[in-house]
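The structure appears right after this line, and notes come after that.
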Amino acid sequence: MNIYVKDEEIATKNIVPQKRVYGEQLFEENGEEFRFWNPNRSKLAAAFLNGLEKLEISQDWKVLYLGASTGTTVSHISDIAKDGLIYAVEFSPVSMRKLVRLCEIRPNIAPILADATKPKKYMDLLEKVDFVYCDVAQPNQTNAFIDNINLFLKDVGLAMIMIKSRSIDVNQKPQKIFKQEEKKLKEKGFSIVEKVKLEPYEKDHICFLVKKNF
Ligand SMILES: C[S@@+](CC[C@H](N)C(=O)[O-])C[C@H]1O[C@@H](n2cnc3c(N)ncnc32)[C@H](O)[C@@H]1O
């Protein structure tokens, strides 16, 4: 993977030299330019720094990203899957405007203005993908995640969901919510490949890396 990890820092090899995406620092290592990946701005960076080890994003992967926002995390996946393609779904027109500008300089990102809870509406725009990533921070997001996997994930693919307990139920203990969402995923036919909590970068968050059962 085009990732640099050292001590508490993580970075990706910049496929668009000299260009920052969200004000991150650039640096050179062995003649190559990297962009620092801020774990306080990106849950995937937090997961890697907290020990996520079973996710190896290949440089030619096709990725479906739900909840792309303005493209902070998407941009780092675009560095890693440099010869692949990231279908970036976002339903806020305001965020989408910024995301489209990012796509103009990063040709491996395809923006899709759509509601991730209605995947059939963008079926014609997608192919089967190697990886589905979900960070829409909504109470019903596990259902949307499953629906998208069932439509778009290759049988051998991997999928990851970022769970913020307070987005699901502010009155429940995070641990209870995490168990409930894990159970839902298992009942729907997935096995948990790895789970990682995101503290201290994100309070009361966990991520699940899953694959389909056969
Ligand atoms: C927590 S932010 C995502 C941050 C982003 N993943 C990152 O790391 O750069 C959640 C995003 O999901 C979007 N969102 C929420 N519900 C959605 C839905 N049903 N369909 C598509 N996008 C949605 C929000 O507009 C917001 O931009």
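Some values worked out for this structure:
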read-out	value
Verdict on Val74 being among the β-branched types (Val, Ile, Thr) and more than 16 Å from the chain's Cα centre (by Cα)	no
Region 50-81, subset closer than 25 Å to Asp155 by Cβ and open to solvent by 50 Å² or more (accessible area, probe 1.4 Å), residue farthest from the ligand (Cβ to nearest atom)	Asp60
Leading residue by the ranking (nearest to Thr12 (Cα to Cα)) among those in region 30-49 that are within 10 Å of the ligand (Cβ to nearest atom) and under 11 Å from the mean Cα position of the chain (by Cα)	Ala45
Residue satisfying all of: in region 145-165; in contact with a helix residue (DSSP H, G or I) (Cβ under 8 Å, 6 or more places away or on another chain) and over 16 Å from Val63 (Cα atoms); nearest to the ligand (Cβ to nearest atom) among these	Ile163
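The values are calculated or read from the model by the stated rules, or taken from the named source; none is laboratory data. What you are looking at is a predicted structure, and each value in this text was computed from that prediction instead of being measured. Heads up, the Cβs are rebuilt from the backbone with ideal geometry, glycines too, and the neighbour counts pull from every protein chain shown. Surface accessibility is based on the protein's heavy atoms, side chains included, excluding ligands, DNA and RNA. Shrake-Rupley method; radii C 1.70, N 1.55, O 1.52, S 1.80 Å.
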